1. In a helix (DSSP H, G or I) and among the acidic types (Asp, Glu), is that true of ASP52?
2. Any residue in the range 55-70 that is closer than 13 Å to PHE87 by Cβ and either under 8 Å from the mean Cα position of the chain (by Cα) or at pLDDT below 95 (or both)?
3. Confirm whether ASP85 is assigned to a loop (DSSP other than H, G, I, E, B) and over 12 Å from the mean Cα position of the chain (by Cα).
4. Restricting to the range 18-33, name every residue that is in a helix (DSSP H, G or I) and either in contact (Cβ under 8 Å) with a residue 24 or more places away in the chain or closer than 14 Å to PRO50 by Cα (or both).
5. Which one is surrounded by the most Cβ atoms within 10 Å (Cβ to Cβ) among residues in the range 75-90 that are among the hydrophobic types (A, V, I, L, M, F, W, C) and over 11 Å from ALA7 (Cα atoms)?
6. Could you grab me the full set of residues in the range 30-45 that are of a type in the set (A, V, I, L, M) and either under 12 Å from TYR18 (Cα atoms) or touching a Lys or Arg at 6+ places or on another chain (Cβ under 7 Å) (or both)?
7. I want to confirm something. Restricting to the range 38-51 and keeping residues that are touching a residue at least 40 places away in the same chain (Cβ under 8 Å) and in contact with a Gly (Cβ under 9 Å, 6 or more places away or on another chain), which single residue is farthest from HIS6 (Cα to Cα)?
8. Can you name the residue in the range 9-51 that is aromatic (Phe, Trp, Tyr) and crowded, with 16+ Cβ neighbours inside 10 Å and, of all such residues, is nearest to the chain's Cα centre (by Cα)?
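The values are calculated or read from the model by the stated rules, or taken from the named source; none is laboratory data. This structure is a prediction, so every number in the text was calculated from the model and none was measured. Note that each Cβ is placed from the backbone with ideal geometry, even for glycine, and that neighbours are counted across all protein chains shown.
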Amino acid sequence: MTKRLHATVTGRVQGVYYRAFVRYHAQDGHLKGFARNLSNGGVQVLAEGPEDALNELVARLRDGPPGSVVRSVDWHIEEGETEYDSFSIL
């Protein structure tokens, strides 16, 4: 069954290839959805797929790429339906 992850990441996560990092790990886990910058300097992530792959993505969100400083990751997983065909950077 498909699950949906909603996450908001704060810290130094813009201008450090954070969204590309998220896309790489999401695609590696066969997840679909998007990552986008927020006006407050954070990054929003919505991903759909198997719950174990979503939990693995959350662990990656906490790490971030070199140059990033992740202050917090607020997230939850809910029941979901597939809405996306791929994982995009918005």
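1. Values: in a helix (DSSP H, G or I): yes; among the acidic types (Asp, Glu): yes.
Criteria met by ASP52.
2. Within the range 55-70, one or more residues are closer than 13 Å to PHE87 by Cβ and either under 8 Å from the mean Cα position of the chain (by Cα) or at pLDDT below 95 (or both).
3. Details: assigned to a loop (DSSP other than H, G, I, E, B): yes; over 12 Å from the mean Cα position of the chain (by Cα): yes.
So ASP85 passes the test.
4. Pass one, the range 18-33, residues in a helix (DSSP H, G or I): 18-28.
Those that are in a helix (DSSP H, G or I) and either in contact (Cβ under 8 Å) with a residue 24 or more places away in the chain or closer than 14 Å to PRO50 by Cα (or both): TYR18, ARG19, ALA20, PHE21, VAL22, ARG23, HIS25, ALA26, GLN27, ASP28.
5. We begin by selecting, within the range 75-90, every residue among the hydrophobic types (A, V, I, L, M, F, W, C); these are 75, 77, 87, 89-90.
Still in the list and also over 11 Å from ALA7 (Cα atoms): 87, 89-90.
Working: PHE87: 25, ILE89: 12, LEU90: 10.
Out of the qualifying residues, it is PHE87.
6. Step one: filter the range 30-45 for residues of a type in the set (A, V, I, L, M), giving 31, 35, 38, 43, 45.
Across the range 30-45, the qualifying residues are ALA35, VAL43, VAL45.
7. Taking the range 38-51 as the starting set, the residues that turn out to be touching a residue at least 40 places away in the same chain (Cβ under 8 Å) are 45-51.
Those left that are additionally in contact with a Gly (Cβ under 9 Å, 6 or more places away or on another chain): 45-50.
Values: VAL45: 6, LEU46: 5, ALA47: 7, GLU48: 9, GLY49: 12, PRO50: 14 Å.
Among residues in the range 38-51 that are touching a residue at least 40 places away in the same chain (Cβ under 8 Å) and in contact with a Gly (Cβ under 9 Å, 6 or more places away or on another chain), the one farthest from HIS6 (Cα to Cα) is PRO50.
8. First pass over the range 9-51, keeping only residues aromatic (Phe, Trp, Tyr): 17-18, 21, 24, 34.
Next, only the ones that are crowded, with 16+ Cβ neighbours inside 10 Å stay: 17-18, 21, 34.
Values: TYR17: 13, TYR18: 9, PHE21: 9, PHE34: 7 Å.
Out of the qualifying residues, it is PHE34.
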